[in-house]
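To start, the structure itself, in structure tokens.
What follows is calculated from the coordinates using simple rules that are stated; it is not laboratory data. Please read all numbers here as calculations on a predicted model, not as lab measurements. Counting neighbours? That spans all protein chains shown, and the Cβs are built from the backbone with ideal geometry, glycine included.
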Amino acid sequence: MNAVVFTAVALLCVVNYAFAILTDPGWVPSSFMPDIEDSDNPVHEIKRKGGDLRYCQKCSHFKPARAHHCRVCKRCVLRMDHHCIWISNCVGHANYKVFFVFVLYAAIACIYSLVLLVGSLTVDPQKDELQSGDSFRTIYVISGLLLVPLSVALGVLLAWHVYLILQNKTTIEYHEGVRAMWLAEKGGHVYKHPYDVGVYENLTMVLGPSIFCWVCPTSGHIGSGLRFRTAYDSITSASGVQDRTVQDWTIVDIEMLSFIPHLSLPTPSNYRHSTIEPRV
């Protein structure tokens, strides 16, 4: 029974690994142009220096929210998390869930292997020693030396990405948020990640609306990756604000938006710009 379970988990791990390698992370269309007059998408990230819309000089096009340029792939990636050398691919909008599910199954497979290894040594160690001798004991030791650090590393990586999903952050946004928090505290504000719309909503945005699909490499729910729900959307819908002008809410950046949940009703006088250093 253990062999069947382990084989199934290992097979799922390999399948998801292949999907993570082969799935395109999502590239920014060369024709992308932010529409600052779109009342349904009033939030636009801007550069810290100059306050201009984010523009990639290397790709020669504008960058949508959460997109970043990958120096290895030499292209802008939608909702970029990081470039992973183990899959030789960027982890971005279209393949983030596949990457997460792969890490999940890999961690389960390693921990399960370690449990089986320890269990086989504790059930009847004298019988195993008589049957297999020194050679089998050596295999046990080598397997343990490999499995323990690998299980710890994958467990930490899995826990890290669970945290990111619950906060609806990417690895890049986490590091940007550290500076944003410092600037917020310096200005007397309370920092909140702008794309954090609640634990359950964050989970469904990344893993899908059905809990039964959370461990499957499906991504039909993710959308185009050119725009995302924000805490700002929750405020405007809860406030019943319908008649807002373009001048009232045209351009904000990640850190500015993070202060909005702590304001009663955003107006031009409420806005305090504390922008982040643009990434290329």
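Tabulated data
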| quantity | calculated |
| --- | --- |
| FRET efficiency for A8 and T138, using Cβ-Cβ distance with R0 set to 35 Å, rounded to 0.05 | 0.75 |
| Estimated vicinal HN-Hα couplings, Hz - region 114-120 in sequence order (Karplus 6.51, -1.76, 1.60; Gly, Pro = x) | 5, 5, 5, 5, 5, x, 5 |
| Calculated from backbone phi, Karplus (6.51, -1.76, 1.60) coupling profile of region 155-160 in Hz, x at Gly/Pro | x, 5, 4, 5, 4, 4 |
| 3J(HN,Hα) from dihedral phi, region 21-32, Karplus parametrisation 6.51/-1.76/1.60, rounded to Hz, x for glycine, proline | 6, 8, 6, 5, x, x, 9, 6, x, 5, 8, 4 |
| Where labels lie 7 Å past Cα in the beta-carbon direction, separation of C84 and F212 in nm | 2.6 nm |
| Region 85-126: chymotrypsin sites (Phe, Trp or Tyr not before Pro) in DSSP coil with no more than 14 other Cβ atoms inside 10 Å | W86 |
| Tally of Lys pairs whose C-alpha atoms are under 24 Å apart, taken over region 96-228, 8 or more apart or cross-chain | 4 |
